[in-house]
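Engineer: Structure provided below as structure tokens; questions to follow.
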Amino acid sequence: MAIKSVQRLNKRQRIKENRNFYQKPIGTSMQRRTKIVATLGPSIDDNPEVLDDIIAAGVNVVRLNLSHGDYEIHAKRAEAVRNRAQASGRQVGVLVDLQGPKIRVGKFKKGPITLKEDDSFILDMDLAQDAGTQESVGVTYKSIIDDLERGNTLLLNDGLLVFWVEKIEGAKIYCKVKVGGILSDSKGINKKGGGLSAPALTAKDKEDIKFAASINADYLAISFVRNKEDIIESRKLLNKAGCNAGIVAKIERAEALECIDEIIEATDVIMVARGDLGVEIGDAELPAVQKRLIRLSRKANKVVITATQMMESMITNPVPTRAEVFDVANAVLDGTDAVMLSGETAVGKYPAKAIEIMGEICREAEKQDEAKVSDHRLDTTFQHIDESIAMATMYIANHLNVRAIAALTESGETTLWMSRISSGIPIYALTSSVETRRRVTLYRGVYPVSFNVDKMDINKTNEEITNEMMRRTALRPDDQIIMTKGDKDGVPGGTNVMKILRVGDHIEPSNS
């Protein structure tokens, strides 16, 4: 039998053997572990009640897309989300998404044009941005001409139109249309296979980073990342602006895949941005690349978001297609931390319903045994005490009748490590830091709780933790929970204690 066949057999056998170890989350209904990111836009601006609806529907993080709108509208959205979330007793993170160097055609003098197969067309670097015609159009990024040669394939409007580069003369790129269609103002240009030299951070992006810092964003997404240097530069600019938001590296360039390990190491979060990435590498390669990116990110203890066209039909329809249902479910089964909605909530007719349905799909996928079994880091040596505590906690939780995990944390790092282990057991991040509570909104299976040990009698901390868990879950007498904490309160990365607490008439640790 082939090695891969044996491995698949062994995994199925392990799933079967461990079936009884993995507990369902507590409560009358299953808590959703996979987080939902929703893009804000006119659909929510036009009706303020919709914001309350999407919070009630279960959104975990909102995305502010700086490709559209001005600072004033985005600042109002962030403030409104935080105010309404607080009013409903929820924590919702804010992700600011930079526009990046999107390379686009200019505008046409007489409106959209129609190109047919074998038509000739010119991309003219010297043409004014509003002077496009049936024969030629300008381009926003002039240096694209230095990145091309005869035989290259250009994909426009997310690959709906395909051009073949015939020759380059002066400031003109002469193309032959291979796949025709309608071309309108400001449509994007990609090079098949990647290789365009535009830097990840534009002058606009650098100003936008200052804006992200001004609203105390929880995450900053960098578009069209090429390498780890793009992440390092972004973090320096963000920190200089006085913000410690997590960095999200959007993987949408083919060349990023060539140094993906370095990018993952440098960043906090990976976003599988399937739109531009699919255009550059081809849609057929996307499923395998998505699985690989999710696997690599989790192995490196980093968070991963799966994005683009997940439920796009719900922009106009009240229900998704079955293919979209499968897409969301498969991302969950692969281990993604979060799934993202774009136009579905920004400009769609049914933003709250899209979140509700996506949540239902996630919960159903999470019931499968495959979503609860993990080989994560079983064969590696841990580098930190708090990491060791996190891994030991999850091993015990998955093999003992533990109903919940309560982690006292300053930075949220312990709960991040815990969330890398597939499990059906809820992890509660108990912290007095509002920034940490917002940060963990993106971690799979982690739920933020406002909890301040500084105001408690140190001898009653265990009792207070158990009482908090009883308020939030359906614990019964003799149920067990695991608590982790540090000997020195208020010290980030100091988790060095794990205790198993039993619910009863009095609080007594059964082991430590």
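The values are calculated or read from the model by the stated rules, or taken from the named source; none is laboratory data. No experiment lies behind these values; they were computed from the predicted model shown. Note that we place each Cβ from the backbone using ideal geometry, even for glycine, and neighbour counts take in every protein chain shown.
Engineer: So, of the residues in the range 107-130 that are among the basic types (Lys, Arg) and either under 12 Å from SER186 (Cα atoms) or out of contact with any Gly (no Cβ under 8 Å at 6 or more places or on another chain) (or both), which turns out to be surrounded by the most Cβ atoms within 10 Å (Cβ to Cβ)?
Structural biologist: As a first pass, look at the range 107-130 and keep what is among the basic types (Lys, Arg): 107, 109-110, 116.
Remaining after also requiring either under 12 Å from SER186 (Cα atoms) or out of contact with any Gly (no Cβ under 8 Å at 6 or more places or on another chain) (or both): 107, 110.
On the way: LYS107: 16, LYS110: 8.
Across the range 107-130, the extreme among qualifying residues is LYS107.
Engineer: Still on this structure, please answer the following. Which of the numbered conditions does GLY100 fail, given that it passes all the others? Conditions: (1) modelled with pLDDT under 95; (2) surrounded by fewer than 19 Cβ atoms within 10 Å (Cβ to Cβ).
Structural biologist: It is condition (2) that GLY100 fails.
Engineer: Name the residues in the range 76-97 that are of a type in the set (A, V, I, L, M) and either surrounded by 15 or more Cβ atoms within 10 Å (Cβ to Cβ) or touching a Gly at 6+ places or on another chain (Cβ under 9 Å) (or both), would you? Before you say what the answer is, go through the steps one by one.
Structural biologist: At the first step, the residues of the range 76-97 found to be of a type in the set (A, V, I, L, M) are 78, 80-81, 85, 87, 92, 94-96.
Scanning the range 76-97 gives ALA78, ALA80, VAL81, ALA85, VAL92, VAL94, LEU95, VAL96.
Engineer: Scan ILE305, ILE251, ILE270 and give me the residue that is without any contact (Cβ under 8 Å) to a residue 40 or more places away in the chain and either over 20 Å from PHE326 (Cα atoms) or crowded, with 16+ Cβ neighbours inside 10 Å (or both). Before the answer, list the steps.
Structural biologist: Details: ILE305 fails: without any contact (Cβ under 8 Å) to a residue 40 or more places away in the chain; ILE251 fails: without any contact (Cβ under 8 Å) to a residue 40 or more places away in the chain.
Of the residues listed, the single one that is without any contact (Cβ under 8 Å) to a residue 40 or more places away in the chain and either over 20 Å from PHE326 (Cα atoms) or crowded, with 16+ Cβ neighbours inside 10 Å (or both) is ILE270.
Engineer: Being touching a Cys at 6+ places or on another chain (Cβ under 9 Å) and surrounded by 20 or more Cβ atoms within 10 Å (Cβ to Cβ) narrows it down to one of ILE189, ILE209, so name that one. Step through it out loud before you land on a result.
Structural biologist: On the way: ILE189 fails: touching a Cys at 6+ places or on another chain (Cβ under 9 Å).
Just a single option satisfies the conditions, and that option is ILE209.
Engineer: Only one of these conditions is not met by THR336: (1) assigned to a loop (DSSP other than H, G, I, E, B); (2) surrounded by fewer than 21 Cβ atoms within 10 Å (Cβ to Cβ). Which number is it?
Structural biologist: Going through (1) assigned to a loop (DSSP other than H, G, I, E, B); (2) surrounded by fewer than 21 Cβ atoms within 10 Å (Cβ to Cβ) one by one, THR336 breaks only (2).
Engineer: Can you name the condition, by its number, that ILE232 falls short on among (1) surrounded by fewer than 22 Cβ atoms within 10 Å (Cβ to Cβ); (2) within 23 Å of ASP208 (Cβ to Cβ); (3) in contact (Cβ under 8 Å) with a residue 40 or more places away in the chain?
Structural biologist: Every condition holds for ILE232 apart from (3).
Engineer: Give me the residue from the range 369-412 that is among the acidic types (Asp, Glu) and closer than 21 Å to ASN462 by Cα and, out of that set, modelled with the highest pLDDT. Full working, then the answer.
Structural biologist: Residues of the range 369-412 among the acidic types (Asp, Glu): 369-370, 375, 379, 386-387, 410.
Within this subset, residues satisfying the condition of being closer than 21 Å to ASN462 by Cα are 386, 410.
Values: ASP386: 83, GLU410: 91.
The qualifying residue modelled with the highest pLDDT is GLU410.
Engineer: OK, next. Among (1) surrounded by 19 or more Cβ atoms within 10 Å (Cβ to Cβ); (2) small (Gly, Ala, Ser); (3) free of Cβ contacts under 8 Å to residues at least 60 places away in the same chain, where does GLY242 come up short?
Structural biologist: Against the list (1) surrounded by 19 or more Cβ atoms within 10 Å (Cβ to Cβ); (2) small (Gly, Ala, Ser); (3) free of Cβ contacts under 8 Å to residues at least 60 places away in the same chain, GLY242 comes up short only on (1).
Engineer: Something else now. Restricting to the range 293-317, name every residue that is part of a loop (DSSP other than H, G, I, E, B) and at pLDDT below 95. Break it down into steps so the answer makes sense when it comes.
Structural biologist: Step one: filter the range 293-317 for residues part of a loop (DSSP other than H, G, I, E, B), giving 300-302, 308-311, 316-317.
Once the filter is applied, which keeps residues that are part of a loop (DSSP other than H, G, I, E, B) and at pLDDT below 95, the range 293-317 yields ALA300, ASN301, THR308, GLN309.
Engineer: Further question: Of the residues that make up the range 126-149, is at least one touching a Phe, Trp or Tyr at 6+ places or on another chain (Cβ under 6 Å), among the charged types (D, E, K, R) and outside the structural domain of ILE281 (by TED's automatic domain parsing)? Walk me through how you get there before you give the answer.
Structural biologist: First, pick out the residues of the range 126-149 that are touching a Phe, Trp or Tyr at 6+ places or on another chain (Cβ under 6 Å): 132.
Keeping just the survivors that are among the charged types (D, E, K, R) gives none.
Checked the range 126-149: no residue is touching a Phe, Trp or Tyr at 6+ places or on another chain (Cβ under 6 Å), among the charged types (D, E, K, R) and outside the structural domain of ILE281 (by TED's automatic domain parsing).
Engineer: What do you reckon, is VAL325 among the aliphatic types (A, V, I, L, M), touching a Cys at 6+ places or on another chain (Cβ under 6 Å) and assigned by TED's automatic domain parsing to the domain that holds SER67? Break it down stepwise before answering.
Structural biologist: Working: among the aliphatic types (A, V, I, L, M): yes; touching a Cys at 6+ places or on another chain (Cβ under 6 Å): no; assigned by TED's automatic domain parsing to the domain that holds SER67: yes.
When the stated conditions are applied, VAL325 does not pass them.
Engineer: Restricting attention to the range 449-467, does a residue exist that is under 30 Å from GLN368 (Cβ atoms), outside the structural domain of VAL304 (by TED's automatic domain parsing) and at pLDDT 90 or above?
Structural biologist: Within the range 449-467, the first condition is being under 30 Å from GLN368 (Cβ atoms), and the residues that meet it are 449.
When the remaining residues are screened for being outside the structural domain of VAL304 (by TED's automatic domain parsing), the result is 449.
Then keep just the ones that are at pLDDT 90 or above; that gives 449.
So far as the range 449-467 goes, yes, one or more of its residues are under 30 Å from GLN368 (Cβ atoms), outside the structural domain of VAL304 (by TED's automatic domain parsing) and at pLDDT 90 or above.
Engineer: Also: Restricting to the range 195-227, what's the tally of residues that are part of a loop (DSSP other than H, G, I, E, B), more than 21 Å from GLY106 (Cα to Cα) and touching a Lys or Arg at 6+ places or on another chain (Cβ under 8 Å)?
Structural biologist: 3
Engineer: I need every pair where a residue in the range 187-216 that is touching a residue at least 12 places away in the same chain (Cβ under 8 Å) has its Cβ under 7 Å from the Cβ of a residue that is assigned to a helix (DSSP H, G or I) and aromatic (Phe, Trp, Tyr), sequence separation at least 6 or different chains.
Structural biologist: Correct list of pairs: PHE211/TYR71.
Engineer: Looking at LEU160, LEU148 in this structure, which one is closer than 20 Å to PHE108 by Cα and within 33 Å of the chain's Cα centre (by Cα)? First the steps, then the outcome.
Structural biologist: Details: LEU148 fails: closer than 20 Å to PHE108 by Cα.
So the residue among LEU160, LEU148 that is closer than 20 Å to PHE108 by Cα and within 33 Å of the chain's Cα centre (by Cα) is LEU160.
Engineer: Filter the range 131-152 for residues that are assigned to a loop (DSSP other than H, G, I, E, B), of a type outside the set (A, V, I, L, M) and at pLDDT 95 or above; which is surrounded by the most Cβ atoms within 10 Å (Cβ to Cβ)? Quick ask: steps written out before the conclusion?
Structural biologist: Keep residues of the range 131-152 that are assigned to a loop (DSSP other than H, G, I, E, B), which gives 131, 133-135, 138, 140-141, 148-152.
Add one more test, that the residue is of a type outside the set (A, V, I, L, M), and what stays is 133-135, 138, 140-141, 149-152.
Within this subset, residues satisfying the condition of being at pLDDT 95 or above are 133-135, 138, 149-152.
Details: THR133: 14, GLN134: 14, GLU135: 11, GLY138: 20, GLU149: 9, ARG150: 10, GLY151: 8, ASN152: 17.
Restricting to residues being assigned to a loop (DSSP other than H, G, I, E, B), of a type outside the set (A, V, I, L, M) and at pLDDT 95 or above, the top hit is GLY138.
Engineer: Here's something else I'd like to know. For the subset of the range 442-478 comprising residues that are in a helix (DSSP H, G or I) and among the β-branched types (Val, Ile, Thr), which member is nearest to LEU400 (Cα to Cα)? Steps first, please.
Structural biologist: Of the range 442-478, the ones in a helix (DSSP H, G or I) are 442, 453-455, 458-472.
Within this subset, residues satisfying the condition of being among the β-branched types (Val, Ile, Thr) are 453, 458, 461, 465-466.
Values: VAL453: 27, ILE458: 27, THR461: 23, ILE465: 20, THR466: 18 Å.
This residue is THR466.
Engineer: Something else: Restricting the search to the range 246-292, which residues are farther than 24 Å from LEU161 by Cβ, in contact with a helix residue (DSSP H, G or I) (Cβ under 6 Å, 6 or more places away or on another chain) and in a loop (DSSP other than H, G, I, E, B)?
Structural biologist: THR267, the sole residue that qualifies.
Engineer: Quick check, is LEU155 touching a helix residue (DSSP H, G or I) at 6+ places or on another chain (Cβ under 7 Å), more than 19 Å from ASP205 (Cβ to Cβ), surrounded by 20 or more Cβ atoms within 10 Å (Cβ to Cβ) and not assigned by TED's automatic domain parsing to the domain that holds LYS35? Reasoning before the result, please.
Structural biologist: Details: touching a helix residue (DSSP H, G or I) at 6+ places or on another chain (Cβ under 7 Å): yes; more than 19 Å from ASP205 (Cβ to Cβ): yes; surrounded by 20 or more Cβ atoms within 10 Å (Cβ to Cβ): yes; not assigned by TED's automatic domain parsing to the domain that holds LYS35: yes.
It is true that LEU155 is touching a helix residue (DSSP H, G or I) at 6+ places or on another chain (Cβ under 7 Å), more than 19 Å from ASP205 (Cβ to Cβ), surrounded by 20 or more Cβ atoms within 10 Å (Cβ to Cβ) and not assigned by TED's automatic domain parsing to the domain that holds LYS35.
Engineer: Right, here's the next one. Out of all the residues in the range 213-229, which are surrounded by 20 or more Cβ atoms within 10 Å (Cβ to Cβ), hydroxyl-bearing (Ser, Thr, Tyr) and more than 12 Å from LEU95 (Cβ to Cβ)?
Structural biologist: Within the range 213-229, SER223 is the sole residue that qualifies.
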